[in-house]
């Protein structure tokens, strides 16, 4: 028997064996997903750092109320990014992308519009902080050093 | 509020969210479908594909969010009221 024959599955049933029976293929999938988990972690951390810097800057330039509106928006943005990452992680033939996370944003805008202590524009810009983190990440990996 | 202004605001809000959802909806569907088929072809690149999909979906979904902001501001914080 040649080496090529050794690598081929002997029967059709063996070829259709589910992935759970092959620990080595599971570990390679887990290793490839590490890159995704690292990206998610980096984006969340960058969002947190940018939010902190902007929060204190806004507090210094404007008032505490404006800064708190910004912080509210930024925290909702982080939860939104987490939900998006979870949806992308589970995406497959059985699980489709949901739109539930948009409800989170609607609640944020409603609270900012109805509650006198908060303002819409800082809350909305706070929500968009995660986008700044994504842009920084994209620039970092695409621009030549 | 002037009834014409409120009627126009409700119509504008409906158009804003409705039209803003069409393009990103098509784009997200295409991107997700291609990503799933790419993962099926190359399972070893799953993390890279899902990471790229996360970045692109975040950008695409923001277009819907902009329409949603316009609609919500027209409904709940109308500057023309």
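Laboratory data are not the source of any read-out in this text; all were calculated from the coordinates shown. All figures in this text were calculated on a predicted structure; none of them were measured in a lab. Don't worry about glycine lacking a Cβ; one is built from the backbone with ideal geometry, like all the others, and counts go over all protein chains shown.
For segment A:35-145, what relative contact order do you get, as a whole percent, if you take Cα pairs closer than 8 Å and at least 6 residues apart? Walk me through the numbers before you get to the answer.
Numbers: 107 pairs, mean separation 42.9, N = 111.
RCO, segment A:35-145: 39 percent.
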Would you mind checking the tilt of helix B:46-76 against the longest principal axis of the Cα atoms of chain B, expressed as 0 to 90 degrees and rounded to 10?
0 degrees
Could you tell me the distance between the Cα centroids of segment A:66-145 and segment B:1-48, to the nearest Å?
15 Å
Taking every Cα atom in the protein assembly as shown, find the radius of gyration and the maximum pairwise distance Dmax, and write them in Å.
22.5, 87
Relative contact order (percent) for chain B, with alpha-carbon contacts under 8 angstrom and 6 or more residues of separation?
58 percent
Once the principal axes of the Cα atoms of segment A:45-145 are found, what is the range along each, listed largest first in whole angstroms?
47, 41, 16
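Please compute the average number of Cβ atoms from other chains found within 10 Å of each residue's Cβ in peptide A:101-107.
On the way: counts 1, 6, 0, 0, 6, 6, 0.
Shielding by partners across A:101-107 averages 3.
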Nearest 500 deg cm²/dmol is fine: what mean residue ellipticity at 222 nm does the protein assembly as shown get from its DSSP H runs of n ≥ 4 alone, each adding -39,500 (n - 2.57), divided by its residue count?
-27500 deg cm²/dmol
Subtract the Cα-Cα distance of residue B:41 and residue B:62 from 0.36 nm times their separation in residues, and report this length gain in nm to one decimal.
4.6 nm
Full-stretch length increase - residue A:35, residue A:138 - with 0.36 nm per residue and alpha-carbon distance subtracted:
35.6 nm
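Evaluated at 37 °C with a viscosity of 0.692 mPa s, what Stokes-Einstein diffusion coefficient in µm²/s does chain B have when Rh comes from the Kirkwood expression over alpha-carbon pairs? Could you put the intermediate results ahead of the total?
On the way: Rh = 14.6 Å.
It diffuses with D of about 225 µm²/s by this estimate.
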Considering every residue in B:38-50, what mean count of other chain Cβ atoms within 10 Å of its Cβ is obtained?
5
Nearest 10 degrees, 0 to 90: what angle lies between the long axis of helix B:3-41 and the longest principal axis of chain B (Cα atoms)?
0 degrees
